[in-house]
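The values are calculated or read from the model by the stated rules, or taken from the named source; none is laboratory data. If you're wondering where the values come from, they're calculated on a predicted model, not measured in any experiment. Backbone-built Cβ (ideal geometry, glycine too); neighbour counts: all protein chains shown.
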Amino acid sequence: MKILVCISHVPDTTSKINFTDGDTKFDTNGVQFVINPNDEFGLTRAMWFKEKQGATVHVANVGGPETEPTLRKALAIGADEAIRVNTAPTDGYSVAKQLAHIVKDGGYDLVIGGRESIDYNGGMVPGMIAHLTGASFINNCIGLEIEGDTATAIREIDGGKETLKANLPLVIGGQKGLVEESDLRIPNMRGIMQARSKPLQAKEAVDASAETQAVKFEKPAPKGAVKLVDSVDELVALLHNEAKVI
Amino acid sequence: MSVLVYTESEQGTFKKAAQEVVSYAKGIADAMGTTVTAVAVNGEGPESLGQFGASKVLAVKNEALQKFNAQAYSDVIAAAAREEGAKVVVIASTANGKFVAPMVAAKLEAGYVPNVTGLPENTEPFQVKHSVFTNKAFATTEIKTDIKVVGLAKNAYGVHENATDAETVDFNPETNNGSVETVSVDKATDKVTIADAEIVVSGGRGLKGPENWGMVEDLAETLGAATACSKPVSDMGWRPHSEHVGQTGKPVASNLYIAIGISGAIQHLAGINASKTKVVINNDPEAPFFKAADYGIVGDAFEVVPQLTEKLKEFKAQNG
Ligand SMILES: Cc1cc2nc3c(=O)[nH]c(=O)nc-3n(C[C@H](O)[C@H](O)[C@H](O)COP(=O)(O)OP(=O)(O)OC[C@H]3O[C@@H](n4cnc5c(N)ncnc54)[C@H](O)[C@@H]3O)c2cc1C
Ligand SMILES: Nc1ncnc2c1ncn2[C@@H]1O[C@H](COP(=O)(O)O)[C@@H](O)[C@H]1O
């Protein structure tokens, strides 16, 4: 089985979000970039398929040379090969077109993406890859088993979960639950050394125009100070009369 | 040329998100000088969508679509958009909405923006504001394609009545369930879900252990609220994963969010910031959550929460 894990390169969850160039660009100054958390759960599940079922695991990112340390980290965690499509990830659809090309070219049976990237929260790339490659798609995936060319997946739904079956080729949008938090791996020295000699290939982008374009960014208006109250009576009165939520 | 809106139902009953998304589509249609057409799959009483501004409903009745299937549902929405010649397609950014929307967009070769927080600032060029960086910022994005797919963030626009006579038309496009098949559904039907709840009561590590959640559940029940928790609480198995809210958990956009014994880490706040009113109960006045909250009580949760539940019961008894 050939697995492609799509890795989005995103600011660490603790990053301060600021914008530059007249609020038209995200300010990367002092920001540390990491593997998108949803993709890290997917990558860790892929390592299980590699170790238990002999799968081959490749990782791919659409982005500039600055994303290579993130791909190296995925190699250090255990992926076999990395591909970087050398173009700016301007919008979800254009990223999906680049990745769909990689998927068709590489003949992958399973594509693991994340429910969403935590930067732009698009939640669109995996679904679009599925459409563009003719594969099935399961989103919000919190469990995945593969037997031959049949997948059994668990999907989180509002208020519960459901079990689904699908044939490969399959694309999933994964999230926490796919593996437990405690299963996540911190690359060890050996992994880091091995990652240095694993293939990381930069590929030229195919022609794909962006359908959307961010025009400007802004931060939420600063919040007024909290009203501290001394009694639950006062709180209930405020929630009823002022906030009008009860 | 109408604005097409997908209206989600659960076992035949339209969701509140469906009413909100029709209200919103009516706002866009007014700005563009056109009307709203809704598409519904096995929803009962489709003409009721007229109340929020739909003038036509494409009603799909199909046994094969009883269970949600993203492939088939996206076929329905894309076919409806083509049938109507719609230039704008609106889909609520619910879990299922976010599942189908990218597939619909790809089918229509349309640009798609999710988590939109208000009416377009312009319709020509078409620009919408949406939340990014998990509610830490907003972006205004231009959709450049002929057809635009807009995902509306929960509770961002509200439900607005706009009485319109809705004509219901049977609609039965060809659909393909693909290879994905639902084997079983495991869902508590007697509990309010975090996604649908108007009020969410959430507990953190400050509650010390799973045995102390009874008072959280009592409070939630009194308010008709859903229960939620911080990430460590679900990681430690005190509460199910499905209750984990925040940046890596479920998003919360309720009217009222009550946080008990939660410190207010940036990753937690990101996921709940879209809630309208936030209340914090914490015994540490320095807890960062107080900076993000509207109301706070500095105190021991083990004393405050039962008192609050009592008070609310009294309040409910008096106010019906
Ligand atoms: C990549 C990443 C993603 C993350 N994603 C999420 C996420 O999605 N959601 C999330 O929640 N966290 C997330 N976290 C974890 C986050 O950083 C915090 O560790 C977590 O939110 C803390 O949970 P807590 O507030 O319950 O616990 P603590 O930080 O331990 O806070 C407990 C609070 O309870 C108070 N307290 C103690 N006793 C009492 C009492 N008797 N009465 C009242 N108050 C009391 C304390 O004063 C304290 O403020 C993430 C972290 C990382 C690194
Ligand atoms: N630039 C990118 N390169 C590779 N994969 C990506 C990229 N952007 C998004 N993805 C994948 O698509 C998922 C959803 O991302 P998004 O649609 O951007 O929210 C991510 O979790 C990744 O798996």
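Summary table
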item: So residue B:38, is it at pLDDT 95 or above, under 21 Å from the mean Cα position of the chain (by Cα) and under 26 Å from residue B:115 (Cβ atoms); result: yes
item: Cβ pairs under 6 Å, 6+ apart, first in segment A:162-175 and of a type in the set (Phe, Trp, Tyr), second modelled with pLDDT of 95 or more and not in a strand (DSSP E or B); result: none
item: Any hit, segment A:52-68, residues being in a helix (DSSP H, G or I), more than 16 Å from ligand 1 (Cβ to nearest atom), aliphatic (A, V, I, L, M) and at pLDDT 95 or above; result: no
item: Residue under evaluation residue B:1, criteria (1) within 22 Å of the chain's Cα centre (by Cα); (2) at pLDDT below 95; (3) more than 27 Å from residue B:181 (Cα to Cα), criterion not met; result: (1)
item: Segment A:75-114, residues that are assigned to a helix (DSSP H, G or I) and within 16 Å of ligand 1 (Cβ to nearest atom); result: A:77
item: Single match in A:134, A:122 (criterion: away from ligand 1 (no atom under 16 Å from the Cβ), within 15 Å of the chain's Cα centre (by Cα) and either within 14 Å of chain B (Cβ to nearest Cβ) or of a type in the set (Gly, Ala, Ser) (or both)); result: A:122
item: Test: residue in segment A:66-81 that is more than 14 Å from every other protein chain (Cβ to nearest Cβ), among the small types (Gly, Ala, Ser) and within 14 Å of ligand 2 (Cβ to nearest atom); result: yes
item: Candidates B:228, B:293, filtered to the one that is at pLDDT 95 or above and more than 20 Å from residue A:224 (Cβ to Cβ); result: B:228
item: Members of segment B:269-295 that are out of contact with any Pro (no Cβ under 6 Å at 6 or more places or on another chain) and touching a residue at least 40 places away in the same chain (Cβ under 8 Å); result: B:270, B:272, B:273, B:274, B:275, B:276, B:282, B:283
item: Sole exception among (1) of a type in the set (D, E, K, R); (2) at pLDDT 95 or above; (3) within 16 Å of ligand 1 (Cβ to nearest atom) for residue A:155, by number; result: (3)
item: Enumeration of residues in segment B:216-249 that are in contact with a His (Cβ under 9 Å, 6 or more places away or on another chain) and within 16 Å of ligand 2 (Cβ to nearest atom); result: B:247, B:249
item: Some residue of segment A:7-18 being more than 14 Å from ligand 2 (Cβ to nearest atom) and more than 14 Å from every other protein chain (Cβ to nearest Cβ); result: no
item: Considering residues of segment B:177-223 that are charged (D, E, K, R) and at pLDDT 95 or above only, the residue surrounded by the fewest Cβ atoms within 10 Å (Cβ to Cβ); result: B:211
item: Residue among B:95, B:86 that alone is out of contact with any helix residue (DSSP H, G or I) (no Cβ under 7 Å at 6 or more places or on another chain), within 7 Å of another protein chain (Cβ to nearest Cβ) and more than 13 Å from residue B:130 (Cβ to Cβ); result: B:95
item: Residue that is nearest to ligand 1 (Cβ to nearest atom), among those in segment B:222-271 that are among the small types (Gly, Ala, Ser) and assigned to a helix (DSSP H, G or I); result: B:271
item: Residue check, residue A:38 touching a residue at least 24 places away in the same chain (Cβ under 8 Å) and assigned to a helix (DSSP H, G or I); result: yes
item: Hits in segment B:192-220 (condition: acidic (Asp, Glu) and either within 14 Å of chain A (Cβ to nearest Cβ) or in contact (Cβ under 8 Å) with a residue 12 or more places away in the chain (or both)); result: B:196, B:198, B:218
item: Hits in segment B:272-320 (condition: farther than 30 Å from residue B:130 by Cα and part of a loop (DSSP other than H, G, I, E, B)); result: B:283, B:284, B:285, B:286, B:299, B:300, B:320
item: Sole exception among (1) in the same structural domain as residue B:272 (by TED's automatic domain parsing); (2) closer than 25 Å to residue B:61 by Cβ; (3) not β-branched (Val, Ile, Thr) for residue B:203, by number; result: (2)
item: Enumeration of residues in segment B:248-267 that are crowded, with 21+ Cβ neighbours inside 10 Å and in contact (Cβ under 8 Å) with a residue 60 or more places away in the chain; result: B:251, B:253, B:254, B:262
item: Flag for residue A:145 being within 16 Å of ligand 1 (Cβ to nearest atom) and among the acidic types (Asp, Glu); result: no
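To keep it simple, each residue is scored yes or no on (1) over 18 Å from the mean Cα position of the chain (by Cα); (2) of a type in the set (Lys, Arg).
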{"residue": "B:117", "(1), (2)": "no, no"}
{"residue": "B:146", "(1), (2)": "yes, no"}
{"residue": "B:191", "(1), (2)": "no, yes"}
{"residue": "B:194", "(1), (2)": "no, no"}
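Residue by residue, here is whether (1) within 16 Å of ligand 2 (Cβ to nearest atom); (2) at the interface with chain A (Cβ under 10 Å from one of its Cβ atoms); (3) more than 21 Å from the chain's Cα centre (by Cα); (4) surrounded by 20 or more Cβ atoms within 10 Å (Cβ to Cβ) holds:
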position	(1), (2), (3), (4)
B:51	no, no, no, no
B:60	no, no, yes, yes
B:91	yes, no, no, yes
B:105	yes, yes, no, yes
B:108	no, no, yes, yes
B:135	yes, yes, no, yes
